[in-house]
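In what follows, a structure is listed as structure tokens, so that the remarks can point back to it.
Taken together, the values in this text are just the output of simple stated rules run on the coordinates, not laboratory data. Small disclaimer: the values here were computed from a predicted structure and weren't measured. Quick reminder, even Gly has a Cβ in these numbers, built from the backbone with ideal geometry, and neighbours come from all protein chains shown.
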Amino acid sequence: DIFDSDWYTSRSLIGGADIIVIKYSVNDKTSFQDIKESYVPMIKKALNHSSVPVIISAIGARKNGVPCTCPLCTSDRRSCVTTSEGVQLAKELGATYLELHTLNDFYIQKYFGDVLEYFMIQSLNQKSSEKMKKRKKMQKCHRVQPPQLEQPEKMPILKGEASHYDADLHNLLCCCQCADVAFCPEDLSTVVEAHKVILCSASHLFMLLFEVKSPSDIHDASIVHMAQSLFAVEEGAAHGVPPSVPPVRVVVKDAVFCSCLPDILRFIYSGAFQWEQLEEDIKKKLKDPEKTEHVLEKVKCILKTPGKLNTVKDCRSHQIKRLYNTSLRLFFNTPVLADVIFKIQGATVPAHRAVLVARCEVMAAMFNGNYLEANRVLVPVYGVSKDTFLSFLEYLYTDSCCPASILQAMSLLICAEMYQVMRLQHICELYIITQLQSMPSRELASTSLSIVSLLKKAKFHNSDCLSTWLLHFIATNYLIFSQKPEFQDLSAEERNFVEMHRWPSHLYLKQLADYRNYVHSQKCHCVVM
């Protein structure tokens, strides 16, 4: 009846609707064509003057075959209305298309009903929003508006530094500093130097070879047999010895394996465990498929975990790439294979020169240069607490750190600056910034933590990124920090920066005071109250 009326009546009725539902039977193409030719043009014309959501519902299951839901399907071209025709009609109207195969409780209540409810809520929300806008517009007339508070300046973004953990260990192999093991063939013609702690961190076989573990600890006969048949440790070799003692000599009994040992060690030290690259390198060197397979099988046995199958798939697993991060932790703060002991606050902390030299340039110079520490086993440490130094060593061994508090992170940052480990310094900076950003204003106002003190320490220890960020942080939270006694400890230059970038600004506070005076002078009252 709506569409039989004149155009203006139909348009007003359609425009006043909350939702339009167009329904047709998928098995009655005549009714579909009638809708498409008679009603759809009228609805499209009316929708140009109003925005009313439209749902197109295709009812029933197609009789000449299984109903197809593919929008591109054109198989049903007879008496049935295809899905593609319904979808095309929905596109023309900007409508939501639904197929209700049966008029049961699921399709009507759960499927169609939920969509209908969604559009009804949207329509009601839109009308409510329009009413609120009109009301606010009426209230704003003939009234002075409050000042607009602008957003604070964006703080400088601190970017993290990429890890170079794998590259550090690879460089250690290339320079052979602090090497404590030397591999050689049975004729002693060549020597390849390496480091026990790195080898043992990657392989249970090397743990067995250097007596870190016993055969009873391994519980894998294949690893024990491989260690005995492939290597022979020179008699009288010492373990965990001072740097003045020459490296332990290990004879490689397999000549073919020994010729590939530099590539195998480079593969282990790289930390990436690029198995395909190792295969390619050995193939190029040996140029013999049988010998290549022979060497690769031994490498897999060296890398295998006791009790697990020895497969190429295990070598390619992404979990092996993170092997160092978990296995070097086994040698952190333990006397096993340790060749240096730090004395700090009356306590001793064992460590391994190879790891320290690879990960820290200052320690590399200290243990290899003309310093007393180069020939000492016991090395004193000053200016750092034991807990902070342990956290520092843990980062060198594992490439990760988890400070317990902002103050601990600042202490670790100072230690990192002392030993010039820049990535650890950046990690500590990011931790401090993240913790401060997450503090609510109430906690920030009541905390005993001195932000100005953190700023002074950051500047003194050349942490330019953190000091710049802290200045912006103080300026952004000006109303909180200006009430604290520590605010007076800022230098004249820092105070000028904070005043210039403070939030809220002087101008906004003046405008706010003027607006409040105006409100009081007009004796305005809250409309709601």
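Here is how the numbers come out for the structure above:
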quantity: Projected label distance in nm at A513 and L407, using a 7 Å step from Cα toward the beta-carbon; calculated: 3.9 nm
quantity: Residue-span extension gain [T434 to S163] - 0.36 nm each, minus C-alpha spacing; calculated: 95.6 nm
quantity: Amide H partners (placed H, <5 Å) of F231, local residues excluded; calculated: K253
quantity: Farthest toward positive dipole pole in segment 434-528 [+1 Lys/Arg, -1 Asp/Glu at C-beta], among S441, L455, V498; calculated: S441
quantity: Sum of side-chain charges, L208 neighbourhood, beta-carbon under 10 Å (Lys, Arg +1; Asp, Glu -1); calculated: -2
quantity: Lys, Arg +1 and Asp, Glu -1 on Cβ, resulting dipole of segment 354-429 about Cα centre, debye, nearest 20; calculated: 140 debye
quantity: Label zone at S12 (point 7 Å along Cα-to-Cβ), backbone N below 20 Å, segment 31-66; calculated: 42-52
quantity: Proximal aspartates and glutamates relative to K283, as straight alpha-carbon distance under 13 Å, when same-chain residues fewer than 8 apart are discounted; calculated: D263, E293
quantity: Members of K196/K298; K459/K484; K459/K510; K154/K459; K23/K44 lying beyond 26 Å, as alpha-carbon distances in this model show; calculated: K459/K510
quantity: Integer Hz, Karplus 6.51/-1.76/1.60 couplings in order for segment 428-434, x for Gly and Pro; calculated: 5, 4, 4, 4, 4, 4, 4
quantity: Cα principal axis extents for segment 434-528, largest first, Å; calculated: 56, 26, 22
quantity: Point-charge dipole on Cβ atoms (K/R +1, D/E -1) for segment 455-529, about Cα centre, debye to 20; calculated: 240 debye
quantity: Length added when fully stretched, Y118-Q274, from 0.36 nm per residue minus Cα-Cα; calculated: 50.9 nm
quantity: Those residues of segment 440-461 whose amide nitrogen sits under 19 Å from the label point placed on S491, 7 Å along Cα→Cβ; calculated: 451-461
quantity: Two-site label geometry, L372 and V52: point separation in nm, points 7 Å out along Cα→Cβ; calculated: 9.3 nm
quantity: Residues Q88 and L330, FRET efficiency given R0 of 56 Å [Cβ-Cβ distance, rounded to 0.05]; calculated: 0.30
quantity: Highest-first arrangement of 367-378, 122-133, 11-22, where packing means the average Cβ count within 10 Å; calculated: 11-22, 367-378, 122-133
quantity: Local electrostatic count, A95, Cβ distance below 14 Å [Lys/Arg +1, Asp/Glu -1]; calculated: +1
quantity: Efficiency of FRET between R135 and S446 - r from beta-carbon atoms, R0 45 angstrom, step 0.05; calculated: 0.65
quantity: Extension reserve of the K284-K127 stretch, reckoned as 0.36 nm per residue once the Cα distance is removed; calculated: 49.0 nm
